[in-house]
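What follows is a short report on a single structure.
The values are calculated or read from the model by the stated rules, or taken from the named source; none is laboratory data. Since this is a predicted model, take the numbers as computed values, not measurements. All Cβ positions, glycine included, derive from the backbone under ideal geometry; neighbour counts span all protein chains shown. All accessible areas refer to the heavy atoms of the entire protein, side chains included, with ligands and DNA or RNA removed. Shrake-Rupley method; radii C 1.70, N 1.55, O 1.52, S 1.80 Å.
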Amino acid sequence: MKEKLYQRLIELTNGKQSSHLLQAIAKAKWSKRIIPSYMKLYDINIEEVSKKQQQFSSLHDFFTRELLEEARPIEKNPTIYVSPVDAKVESFGRIEWDMTFLVKGKPYALQDLLGNTERAAQYADGHFIVFYLSPADYHRIHSPIDGEVVRQYTLGQKSYPVNQLGLTYGKKPISHNYRLVTELKAANQQHVAFIKVGATFVNSIVLTNTTTKWRKGQEVGYFSFGSTVVMLFEKDAVEFTDNVVQGSPIRMGEAFANML
């Protein structure tokens, strides 16, 4: 009953008008007056931000803020994957033989997530990890490894919440929201699916790097609102590091998996 009620309410409020309204408010000049309250609410460390508080033109400008380079050191070992975002580890583990994985007890099918059966089969019996970005987090996206962009494409239209309520009661938002899929080929020739998932009614995932050669730690884009990143690995390709714990925070640039 709770699940159906939640889904009904979300459907009623999720549309082009609500999306445009949210973006208009966040980008309005007067919204910069909200920044001090926003910082206090989410306990944001302004010392690591590249601009002074008064230099931001809007709440959106602050939300997509850049950090000082030294604020997020990048693990240099070329055989280690680093977190592409500041986030919480929502879920991780093995992809099942039927090409599904569980988040909040819900099965997600790779075919739905990637939009292609052959690409999905490539990750059968592999591993997955889900990073959740809250409104408090730094929302720039960085490359997790040195690699070549094999293909890049978008799927989905609407974007539903991917917070705790959304994952528990929503209609599988991770595999049905608007998303940008990037397939990378790492130095060991293994393929990695790097999926950026839109959230909270706004489909804004902005690419800032359109080259085909990505370097580990290099900025490649940003989210305009809280969101989620999913990464998929082929069978016997990686082993997660000890700091990967469900529900634990992780910062961009920190190790989360070793190449095998």
Filter pass, ILE95 being of a type outside the set (Lys, Arg) and farther than 23 Å from ARG215 by Cα: yes
PRO249, sole failed condition from (1) open to solvent by less than 50 Å² (accessible area, probe 1.4 Å); (2) over 11 Å from the mean Cα position of the chain (by Cα): (1)
Considering residues of the range 53-76 that are under 18 Å from ALA26 (Cβ atoms) and of a type in the set (Gly, Ala, Ser) only, the residue least open to solvent (accessible area, probe 1.4 Å): SER58
Conditions (1) in a loop (DSSP other than H, G, I, E, B); (2) at pLDDT 95 or above; (3) closer than 18 Å to ILE129 by Cβ; number of the one not met by GLU96: (2)
Count of the range 77-103 residues which are more than 22 Å from ALA124 (Cβ to Cβ) and either touching a Ser or Thr at 6+ places or on another chain (Cβ under 7 Å) or open to solvent by 30 Å² or more (accessible area, probe 1.4 Å) (or both): 6
Scope the range 109-131; condition under 18 Å from GLU90 (Cβ atoms), open to solvent by less than 10 Å² (accessible area, probe 1.4 Å) and either out of contact with any Lys or Arg (no Cβ under 9 Å at 6 or more places or on another chain) or among the aliphatic types (A, V, I, L, M) (or both); matching residues: LEU110, LEU113, ILE129, VAL130
Residue in the range 111-120 that is over 26 Å from GLU254 (Cα atoms), β-branched (Val, Ile, Thr) and in a helix (DSSP H, G or I) present: yes
Boolean, ARG72 is of a type in the set (Lys, Arg) and touching a His at 6+ places or on another chain (Cβ under 7 Å): no
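Do you know which of the residues in the range 143-184 that are of a type in the set (A, V, I, L, M, F, W, C), crowded, with 20+ Cβ neighbours inside 10 Å and in a strand (DSSP E or B) is modelled with the highest pLDDT? Working first, answer last.
Let us first name the residues in the range 143-184 that are of a type in the set (A, V, I, L, M, F, W, C), namely 145, 149-150, 155, 162, 165, 167, 174, 180-181, 184.
Then keep just the ones that are crowded, with 20+ Cβ neighbours inside 10 Å; that gives 145, 162, 167, 174, 180-181, 184.
Subset that is in a strand (DSSP E or B): 180-181, 184.
Working: LEU180: 90, VAL181: 94, LEU184: 97.
The residue in question is LEU184.
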Close pairs from the range 53-76: first without any contact (Cβ under 8 Å) to a residue 24 or more places away in the chain, partner among the acidic types (Asp, Glu) and surrounded by fewer than 16 Cβ atoms within 10 Å (Cβ to Cβ), Cβ under 8 Å, at least 6 apart: LEU68/GLU48; ALA71/GLU48
Condition broken by THR211, with the remaining ones in (1) β-branched (Val, Ile, Thr); (2) loosely packed, with under 15 Cβ neighbours inside 10 Å; (3) under 25 Å from TYR108 (Cα atoms) satisfied: (3)
Positions within the range 28-52 being touching a residue at least 24 places away in the same chain (Cβ under 8 Å), of a type outside the set (Val, Ile, Thr), in a loop (DSSP other than H, G, I, E, B) and open to solvent by less than 100 Å² (accessible area, probe 1.4 Å), in sequence order: ALA28
Residue that is farthest from SER227 (Cα to Cα), among those in the range 115-153 that are free of Cβ contacts under 8 Å to residues at least 40 places away in the same chain and among the hydroxyl-bearing types (Ser, Thr, Tyr): THR117
In the range 24-69, the residues that are more than 22 Å from the chain's Cα centre (by Cα) and charged (D, E, K, R): LYS29, LYS32, ARG33, LYS40, GLU47, LYS51, LYS52
